[in-house]
1. Which one of B:Gly56, B:Gly45 is open to solvent by 10 Å² or more (accessible area, probe 1.4 Å), under 22 Å from the mean Cα position of the chain (by Cα) and more than 14 Å from chain A (Cβ to nearest Cβ)?
2. Give the residue, chosen from B:Glu308, B:Glu292, that is surrounded by fewer than 23 Cβ atoms within 10 Å (Cβ to Cβ), under 30 Å from B:Ser115 (Cβ atoms) and of a type in the set (Asp, Glu).
3. Give the residue, chosen from A:Gly80, A:Gly55, that is open to solvent by 10 Å² or more (accessible area, probe 1.4 Å), on the phi > 0 side of the Ramachandran plot, in contact with a strand residue (DSSP E or B) (Cβ under 8 Å, 6 or more places away or on another chain) and at pLDDT 95 or above.
4. Select from segment A:236-246 the residues that are facing another protein chain (nearest Cβ under 8 Å) and more than 11 Å from B:Ile296 (Cα to Cα) and write down the one among them that is least open to solvent (accessible area, probe 1.4 Å).
5. Do any strands (runs of 3 or more DSSP E) entirely within segment B:49-137 hold 3 or more residues that are closer than 26 Å to A:Val12 by Cβ, and if so, which?
6. How about segment B:117-128: which of its residues are more than 16 Å from A:Gln214 (Cβ to Cβ) and free of Cβ contacts under 8 Å to residues at least 60 places away in the same chain?
7. Could you list, in sequence order, all residues of segment B:138-156 that are in a loop (DSSP other than H, G, I, E, B) and under 12 Å from the mean Cα position of the chain (by Cα)?
8. Take residues that are under 15 Å from the mean Cα position of the chain (by Cα) and tell me which of the strands (runs of 3 or more DSSP E) falling wholly in segment A:34-118 contain 3 or more.
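The values are calculated or read from the model by the stated rules, or taken from the named source; none is laboratory data. Everything numeric in this text was worked out from a predicted model, so none of it was measured. Positions of Cβ are backbone-derived with ideal geometry, glycine not excepted, and every protein chain shown enters the neighbour counts. Just so you know, the surface numbers come from the protein's heavy atoms only, side chains and all, with ligands and any DNA or RNA stripped out. Shrake-Rupley method; radii C 1.70, N 1.55, O 1.52, S 1.80 Å.
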Amino acid sequence: MKRILVGIKRVVDYNVRIRVKPDGSGVVTDGVKMSINPFDEIALEEALRIKERGGAEEVVIATIGPADCQAQLRTGLAMGADRALHVQADGVIEPLVAARALLKLIEREQPFLVIVGKQAIDDDNSQTGPMLAALWNRPQVTFASKVELSEGKARITREVDTGLETLEVDLPALVTTDLRLNEPRYVKLPDIMKAKKKPLETLTLASLSVEARQGLKLVKFEPPAQRQKGVRVKDAAELVEALKKKGLL
Amino acid sequence: MGAKVLIVAEHDGAKLNPSIAKSVTCARGIPDAHITIAVCARDAGAVAAQAAQLTGVNQVLKVENPANEHALAAVLAPQVVALAADCTHILGPSTTFGKDLMPRVAALLDTAQISDIMAVESATRFRRPIYAGNAIVTVEIDPARKIVGTVRTASFEAAPTGGSASIEPVSLQVPLPTHTRFISISAAKSDRPDLQTASRVVSGGRALGSADGFKILYSLAAKLGAAVGASRAAVDAGYAPNEMQVGQTGKIIAPELYVAIGISGAIQHLTGIKDARTIVAINKDAEAPIFEVADIGLVGDLFQIVPEIEKLI
Ligand SMILES: Cc1cc2nc3c(=O)[nH]c(=O)nc-3n(C[C@H](O)[C@H](O)[C@H](O)COP(=O)(O)OP(=O)(O)OC[C@H]3O[C@@H](n4cnc5c(N)ncnc54)[C@H](O)[C@@H]3O)c2cc1C
Ligand SMILES: Nc1ncnc2c1ncn2[C@@H]1O[C@H](COP(=O)(O)O)[C@@H](O)[C@H]1O
């Protein structure tokens with residue numbers, strides 16, 4: 001079956017203003033709104049559009065994380081994914097571990113395309129996609145803003161610092177999404193009901209023979225340095241004066 | 001024993017990217033670092049010569065191969081791994097080039113990566129921003145494995161020129177994949193300063209209303225000798241091209257002067273400008289969050305204020 005695998009990470013919602021715990025042991029996540037990482041919604045949307053155009057037969061979403069992650073998988077199923085895989089794991093899941101687990105799922109599911117976000121907005125690592133492509137020994141196209149598939153190949157445009165770059169890759173391949181790839185659909189209520197009946201399979205890291213290695217010890221968390229309070233000026237002339245005083249003009 | 005640091009050069013075939021001089025400064029923060037820059041290119045001569053001039057660089061390696069004409073991560077990664085055989089640290093800039101390549105290198109080396117290094121505390125301890133810069137985490141990495149990282153260039157000054165490192169050609173016997181092919185790149189040619197290195201930046205948001213609306217910014221920027229940036233909303237709406245986006249998922253910049261015009265100041269945008277020396281905000285909403293970080297704030301209509309400023313300077 002022509003299948004697309006999409007990585008979904010549960011993260012603190014992008015609208016939440018995060019706070020560092022006073023003892024520096026982490027950030028406050030209790031009672032904070034959690035969502036699908038925005039880039040993963042874009043990844044899922046792209047997979048669904050490819051399927052709706054007839055370019056794929058099945059869209060499978062996968063997450064590695066604690067039991068709570070199933071809420072985000074259900075949302076993904078409500079968006080339109082056919083099946084979900086939950087690799088149960090507690091504690092910090094580093095990108096290399098996520099990539100190793102996703103590789104095992106690739107070996108099982110044999111997708112022709114794997115789509116993940118360009119970065120998870122909690123740890124801002126931006127690593128999992130290229131790591132997975134390396135382990136899989138397949139092409140990667142990061143920061144995609146346009147994906148065109150043809151027989152055995154994909155032509156993908158990516159957002160790079162200097163503009164837009166287009167690459168052609170042989171399939172199967174891995175793609176990471178950028179913001180302008182698409183606009184994810186909203187989930188409708190009846191779809192949430194339907195999603196409850198869709199298959200969600202639970203696995204463990206151990207059952208995939210993946211070790212939950214932690215390469216980076218998180219020593220301490222701090223709030224960022226605060227900027228000095230600024231001044232208000234009343235018009236353009238005062239602004240220009242203020243800039244001159246600072247030696248900026 | 002000191003550290004052996006390999007920096008992977010970003011370049012366009014002719015010029016070394018300015019992010020590399022900043023990566024060198026980061027590398028110099030590692031105690032007793034011996035610093036090598038690898039230039040993988042079709043013809044590496046010109047770029048290698050520029051790399052050799054950066055103060056603190058000990059050695060430059062030229063890895064010439066027609067397959068290196070365009071920077072393709074899948075092609076470069078196995079070469080970097082081969083070059084890094086006796087290195088302790090492998091660094092690249094946290095640009096789209098480095099973000100694409102370095103995790104691929106890390107995975108091949110079976111090691112975790114430290115993304116966006118903003119400070120070096122020791123050979124194994126680094127600081128980096130998370131949650132769009134709303135928290136800073138100190139990480140310690142096991143020195144038993146090679147240490148792979150990307151450098152948050154806005155956190156480091158460029159290493160000065162004046163050095164004269166040795167330049168050596170290297171030929172590598174590693175199989176390179178052909179499954180990834182470069183087709184084209186479309187870069188808007190502009191004679192404005194480069195956004196990532198400019199000392200002054202004028203940025204516009206959704207309030208500019210159209211690509212035409214952005215013209216008043218280009219005009220002000222020309223007068224100031226400034227680069228032009230944009231918020232995501234402005235880029236999404238098609239008022240400005242993607243390479244102008246500043247923020248968590250765009251460019252992270254550290255100019256002397258940043259002028260935010262008609263930008264509300266969402267956390268994702270603020271991440272990109274935290275290191276600007278002076279932030280000026282012009283917004284008609286006195287409550288806009290951009291004013292919380294602005295050194296100089298002016299409440300009012302940008303369409304009136306911007307032309308006035310231009311006349312006054
Ligand atoms: C995953 C993710 C990543 C993101 N990454 C980025 C990123 O990298 N960079 C980024 O910028 N955003 C990013 N965003 C988007 C961000 O959350 C905001 O939506 C965006 O920055 C808003 O852009 P804006 O300030 O131009 O628009 P708005 O928020 O709409 O603000 C427009 C401002 O203009 C003011 N205004 C209107 N008319 C005038 C006038 N005539 N004169 C003066 N002022 C006027 C208004 O008062 C308002 O404050 C990201 C969002 C997500 C979810
Ligand atoms: N634990 C995880 N489970 C599923 N997908 C993940 C996980 N971690 C990362 N990913 C995917 O990899 C992308 C990049 O994440 P990161 O490398 O952490 O910035 C995310 O947008 C997800 O698509």
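1. B:Gly56
2. Exactly one residue qualifies, and that residue is B:Glu292.
3. Only one candidate qualifies: A:Gly80.
4. A:Ala236
5. Fully inside segment B:49-137 and qualifying: B:113-117, B:125-130.
6. B:Met118, B:Glu121, B:Arg127
7. B:Arg152, B:Phe156, listed by residue number.
8. Strands (runs of 3 or more DSSP E) meeting the threshold: A:34-36, A:58-65, A:113-117.
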